[in-house]
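The numbers here are math on the coordinates, done by the rules we state, and not lab data. Everything numeric here is computed off the predicted structure, so don't read it as measured data. All Cβ positions, even for glycine, are placed from backbone atoms using ideal geometry, and neighbour counts span all protein chains on display.
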């Protein structure tokens, strides 16, 4: 039952019939699968390096820095830079990174076409930033060069109101005053009073055994594509190291983080309310629908399955060979994701093996990672079958 192959037949539902994309066309699709993203990424790299930002390698997807989860952002990159670059204590240091990320905790229970399991953050850091306004203006102009609809976007910012939530907020001018400075239409500026726009996070410094508290206001940038889609974030923060007794042992200089999600920005620039409206992703979906003869009524279910599998491929390409589902921390998170994919496919009556083989034929460069995902699916399917009967 680990590869359930019985497909539910639904009377009266027409299967989508569209001309399939040829294998030659599909061979160009790689992780990142969204082909439309490549030009955005390359142009952003060029602009970053022209402005003096230096590239830094991204964090491991299973870094201890994040404790119990797979890496959800690029912030460890700046912490490493602080430790190895003494000049950051006395002058501004500009770096950038392109971080593969996994967000399992806020993954939608259905396909909403926005919240992907696996995605990439393009982040610009300014360490020891004493005046964020010129850098934020540069970031705004970068987004304009990338053809983001900045002037029509909404900007949410932190406005202090609830002292019980944030007793002593940092950087009170990092909000409406900053948006005024960089020429944002104030009709598009929206005040927020809670944690959505004031960040307090804790991470683990596995080199010292201390925790790092990072705190500061954030500005989020939303496009209106019939529904709000966040594609950019700007955070001005300070990080503090705490020992096991919560005593402060070190304080970092102010850090400005300017981020856009590569997949999200691609959606916004292409005016795609869903990632599945992008041609490259739609082509994958249509090929799978046609090859596996999936009724149109189950299109949203299929999209969610594909989002999970694409995420698992990204994970498989980014973790060591001995990393597998089960155990604690990131391994437990991976187990939950794999089991969700198994349940979704069984519920729809799709063979796990048939789905993996179909994707491997469409994207042969992903075959190695897909084979690894297939092993995870088969293992967890067997364990689920032993624990209780499965549907489908």
GNM, the chain, Cα, under 10 Å: largest mean-square fluctuation among 315, 234, 251? 251
Treating the angle as unsigned and between 0 and 90°, give the value, to the nearest 10°, between the Cα long axis of helix 75-84 and the longest Cα principal axis of the chain. 50
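Quick check: convex hull of the Cα atoms in region 175-274, volume per residue, rounded to a whole Å³? List each step's numbers first, then the result.
Working: hull volume 13.9 nm³, N = 100.
Each residue corresponds to 139 Å³ of Cα convex hull volume.
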When the chain is modelled as a GNM with alpha-carbon springs shorter than 10 Å, which of 185, 85, 270 fluctuates the most? 85
Hey, could you get me the Stokes-Einstein D for region 267-354, Kirkwood radius over alpha-carbon pairs, 37 °C and 0.692 mPa s, rounded to whole µm² s⁻¹? 227
What translational D, rounded to a whole number of µm²/s, comes out for the chain from Stokes-Einstein when the hydrodynamic radius is the Kirkwood one over Cα pairs, at 4 °C and 1.567 mPa s? 57
Just for the Cα atoms in region 164-234, what are the lengths along the principal axes, largest first, rounded to whole Å? 45, 27, 25
Compute the long axis of helix 279-292 from its Cα atoms, compare it with the longest principal axis of the Cα atoms of the chain, and write down the angle in degrees, 0 to 90, nearest 10. 20
Neighbouring Cβ atoms within 10 Å as the yardstick, rank 157, 118, 55 fewest first. 55, 157, 118
Please report, to one decimal in angstroms, the Kirkwood hydrodynamic radius of region 41-131 built from all distinct Cα-Cα pairs. 14.5
Can you tell me the 0 to 90 degree angle between the C-alpha axis of helix 37-50 and the longest principal axis of the chain, rounded to 10? 20
Checking 142, 370, 61 against a Gaussian network model of the chain (alpha-carbon springs below 10 Å), the top fluctuating residue turns out to be 142
Sort 138, 66 so the one with the fewest other Cβ atoms within 10 Å of its own Cβ comes first. 138, 66
Whole-number D in µm² s⁻¹ for region 37-269, Kirkwood Cα-pair radius fed into Stokes-Einstein, 20 °C, 1.002 mPa s: 117
